1. Regarding Leu112, is this residue closer than 24 Å to Pro44 by Cα and either assigned by TED's automatic domain parsing to the domain that holds Gly48 or loosely packed, with under 13 Cβ neighbours inside 10 Å (or both)?
2. Has region 94-104 got at least one residue that is of a type in the set (D, E, K, R), assigned to a helix (DSSP H, G or I) and out of contact with any strand residue (DSSP E or B) (no Cβ under 6 Å at 6 or more places or on another chain)?
3. Conditions: (1) at pLDDT 95 or above; (2) within 16 Å of Lys115 (Cα to Cα); (3) more than 17 Å from the chain's Cα centre (by Cα). Leu70 meets all but one. Number of the miss?
4. Kindly check whether there is at least one residue in region 23-43 that is at negative phi and modelled with pLDDT of 90 or more.
5. Return a yes/no flag: does region 126-146 have any residue that is more than 15 Å from Gln96 (Cβ to Cβ), surrounded by 14 or more Cβ atoms within 10 Å (Cβ to Cβ), in contact with a strand residue (DSSP E or B) (Cβ under 9 Å, 6 or more places away or on another chain) and not β-branched (Val, Ile, Thr).
6. Which residue, of Thr89, Thr56, is polar (S, T, N, Q), at pLDDT 95 or above and either outside any strand (DSSP E or B) or more than 19 Å from the chain's Cα centre (by Cα) (or both)?
7. Looking at Leu201, Leu190, Leu169, can you tell me which residue is among the aliphatic types (A, V, I, L, M), farther than 30 Å from Leu45 by Cα and either exposed (fewer than 11 other Cβ atoms within 10 Å of the Cβ) or in contact with a Gly (Cβ under 7 Å, 6 or more places away or on another chain) (or both)?
8. Report every pair of residues separated by at least 6 positions or lying on different chains whose Cβ atoms are under 8 Å apart, first residue within region 15-27 and assigned to a strand (DSSP E or B), second of a type in the set (Phe, Trp, Tyr).
Amino acid sequence: MSDYRAALNILENKGLLYPCFCSRKDIRRQISDSSQAVHNLDGPLYPGTCRRLTTTQRRLYFDAGRRYALRLDMAKALEIVANRALTWTDLAAGEQIATPKILRQTLGDVVLSRKEVATSYHLSVVVDDHLQKISHVIRGRDLFQASPLHRLLQFLLGYATPVYLHHDLLYDDTGHKLAKSNHSPALRELRAAGRDPAELLRRYFL
């Protein structure tokens, strides 16, 4: 956790973080009131409500013990990036560019830390890959959309950028992704049930 805190301190010292006191319910209500609601990989795109709070308003919320998250101020981050091309390579899709449009309109002011959880997935994987000197990140295509954000965080934190490969996903007969979170059967369970390996290869991989 101290490693994640150190990374947050770098971003904080650059003026790139702000506290967000909105609950998920608040955000859903704000989104439902908007005719231009956008969704990203984490859910509804945050409209930036707490970014516009004054110092006095934030202090009142802090003093009242309101729970909060720390969000990345995407607009300020893009000012630091300026005209630099944030590129990254996917071994399947080729060279990619984390464009301001993708970062601003698709990802927005993402949560990097919560009061009760000192890090987010996005911050954790970027810091972990850096500390462990990871050269190649191999993960599912469903996380492809997160890579521009991770490339931005790497730039802001002064980290090297690994090579990526986003592989295809496996789906069941109903079209749902095979995943532990969906309680999908593991290979061990399929073997125990007597499923033929050749048939499984044809079904899922060929």
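The values are calculated or read from the model by the stated rules, or taken from the named source; none is laboratory data. Being a predicted model, the structure only gives us computed values, none of them experimental. Ideal geometry is used to build each Cβ from the backbone, glycine not excepted, and the neighbour counts take in all protein chains shown.
1. yes
2. Yes, some residue in region 94-104 is of a type in the set (D, E, K, R), assigned to a helix (DSSP H, G or I) and out of contact with any strand residue (DSSP E or B) (no Cβ under 6 Å at 6 or more places or on another chain).
3. All conditions pass for Leu70, except number (3).
4. no
5. Within region 126-146, one or more residues are more than 15 Å from Gln96 (Cβ to Cβ), surrounded by 14 or more Cβ atoms within 10 Å (Cβ to Cβ), in contact with a strand residue (DSSP E or B) (Cβ under 9 Å, 6 or more places away or on another chain) and not β-branched (Val, Ile, Thr).
6. Thr56
7. Of the residues listed, the single one that is among the aliphatic types (A, V, I, L, M), farther than 30 Å from Leu45 by Cα and either exposed (fewer than 11 other Cβ atoms within 10 Å of the Cβ) or in contact with a Gly (Cβ under 7 Å, 6 or more places away or on another chain) (or both) is Leu201.
8. Taking only residues 6 or more apart or on different chains, the pairs are Pro19/Tyr61; Pro19/Phe62; Pro19/Tyr68; Cys20/Tyr46; Cys20/Tyr68.
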